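The values are calculated or read from the model by the stated rules, or taken from the named source; none is laboratory data. What you see is a predicted model; the values in this text were computed from it and never measured. For neighbour counting, all protein chains shown are included, and Cβ atoms are generated from backbone atoms with ideal geometry for every residue, glycine included. SASA here: full protein model, heavy atoms, side chains in, ligands and nucleic acids out. Shrake-Rupley method; radii C 1.70, N 1.55, O 1.52, S 1.80 Å.
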Amino acid sequence: MSARSAARRHQDELGAVLAVHADRPGPVVIGLFVLVWALFSGLTLIAPGESPVLALAPTVVFALLAAAILVLVSGERLVVCERGLLVGSVAPGMRPYAVRYDQIVPGSLVPVTGARRYGRETGTGGFPQSTVRRSAWTRRGLHLVGPSAAEARRRRAVIASLQDPPPRSVDGRWVWFVGVGSTAPEQVAAQIARAAEAAGAVPLARSMAAAPVRELSGDPADAARHLPGLP
């Protein structure tokens, strides 16, 4: 499923797509995949099969597995639409979450850098969460406070719900974080602000216009100052 085909499922609610931002792994991560593939393939050639087909089969299998894993981890997207956002993976078998602008708490949506320190600063560690769309290579993103993952999912999903976090904001709502790839987070925030204002979410748009970029420090004492809504 592509980001735009996923957006078409929510077009009546979110409107047309304005921009798509992909949080894909960079060359270092891809290089590590290739290195691991070469290592495992080399080990199989120490004692190859009796025929060329048997000798090459493990190498092909490892290549297919590595390619499948790369496709799965490369699916994270932030889709900016006219009346809301699509957040999450569009990899095969996955569906992103839909968050309308009127569901986002005004003043909570801010651009963030230093996202590798997010787990330390928020105390969430590296545990996967439905509302925290952050990978090991994510450096830039957006923080916001909004609806629960169950509400944003727009469907029943037993396995995905196991990663749903409890409400963590000071007003009993849910904290979201989404990577924006190589795009400057303040640029993405400006796109969202323009769309939110056009959609009538004026308080959200105005609060974003005054929101500076937050560089995470990794210190839990800075969490509330860097990430609005956290206690």
Select, from D164, D171, the only residue that is assigned to a loop (DSSP other than H, G, I, E, B), surrounded by 15 or more Cβ atoms within 10 Å (Cβ to Cβ) and charged (D, E, K, R). D164
If you take the residues in region 133-150 that are within 19 Å of A22 (Cβ to Cβ) and part of a loop (DSSP other than H, G, I, E, B), which one is least open to solvent (accessible area, probe 1.4 Å)? T138
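Mind checking which residues of region 191-212 are of a type in the set (G, A, S), assigned to a helix (DSSP H, G or I) and open to solvent by 40 Å² or more (accessible area, probe 1.4 Å)? Walk me through how you get there before you give the answer.
Quick first cut of region 191-212, residues of a type in the set (G, A, S) only: 193, 195-196, 198-201, 205, 207, 209-211.
Among the residues that remain, those that are also assigned to a helix (DSSP H, G or I) are: 193, 195-196, 198, 205, 207, 209.
Hits for region 191-212 are A198, A209.
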Hits in region 79-98 - residues which are of a type in the set (A, V, I, L, M, F, W, C), under 15 Å from S130 (Cβ atoms) and modelled with pLDDT of 95 or more: L85, L86, V87, A98
What single numbered condition from (1) more than 18 Å from the chain's Cα centre (by Cα); (2) on the phi > 0 side of the Ramachandran plot; (3) surrounded by 13 or more Cβ atoms within 10 Å (Cβ to Cβ) fails to hold for D222? (2)
Subset tally (residues that are in a helix (DSSP H, G or I), modelled with pLDDT under 85 and among the hydroxyl-bearing types (S, T, Y)) for region 1-54: 2
If I filter region 104-124 for residues that are in contact with a Phe, Trp or Tyr (Cβ under 9 Å, 6 or more places away or on another chain) and part of a strand (DSSP E or B), do I get at least one hit? yes
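Residue by residue, here is whether (1) open to solvent by 30 Å² or more (accessible area, probe 1.4 Å); (2) among the basic types (K, R) holds:
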position: L65; (1), (2): yes, no
position: A68; (1), (2): yes, no
position: Q103; (1), (2): no, no
position: P106; (1), (2): yes, no
position: T131; (1), (2): no, no
position: R153; (1), (2): no, yes
